[in-house]
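Read the figures in this text as sums done on the coordinates, not as results from a lab. These numbers were taken from a predicted model, which means no experiment stands behind them. Cβ: placed from backbone, ideal geometry, glycine included. Neighbour counts: every protein chain shown.
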Amino acid sequence: MLAGRVKRIGTVAAVVAAAAAGVVVSAGPAAAATPLCSKVVTVTGVGAKVIVPASSGGSLNCLIGRGLVANETIVRQLQHTLVRCYTNMRMPSPYTGERVGDIAVDGDFGPRTEAAVKAVQAGAGVTVDGIYGSETRNRMRFRVAGDNSCARLA
């Protein structure tokens, strides 16, 4: 009984340590950990170089969401993209009188930023969970580097 309790405590400690290191740990045994987005990179999208969130290692497969934030700078970059590329898109409830372009670019992934991501997800026809991840990335538009326009990554 004591051995089982020690094992559970060790598992909890490992999950807490991974979260502190900026890695999201999945409950599934075969699932790989997905890192948090912590910077932006410029990559070639559809006919343009676009500014896209990336992990510290440069992978585009990363997450941003409530409780999944590496730093304020990456949230601010995502907010800039949402405001520029989805200015007139209507927000979901409880912000139905607002548009994505109305969100503050303040580095806080709060309820309005989450709602803006959900609006983009709904418009793109992907899972609406308010978390920026690979499915959302593959379907949304991003800011074009050195330009005021937006383009898709693929």
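One table, with the values for the structure above:
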read-out	value
Amide H within-cut-off set for Glu98, under 5 Å, with H built and near neighbours excluded	Met91
Virtual paramagnetic centre 7 Å along Cα→Cβ of Val41, amide N under 14 Å, in segment 47-73	50-63
Net charge over other residues, Cβ less than 13 angstrom from the Cβ of Thr73 (K, R count +1; D, E count -1)	-1
Cβ charges +1 (Lys, Arg) and -1 (Asp, Glu), total dipole of segment 35-152, debye	320
Placed amide H near Arg152: partners under 5 Å, 5+ positions off or other chain	Val46, Phe142
Distant-in-sequence amide H partners of Leu63 (H built 1.01 Å from N, under 5 Å)	Leu36, Cys37
Net charge of neighbours whose Cβ lies under 12 Å from the Cβ of Cys62, counting Lys and Arg as +1 and Asp and Glu as -1	+2
Local electrostatic count, Asp147, Cβ distance below 12 Å [Lys/Arg +1, Asp/Glu -1]	+3
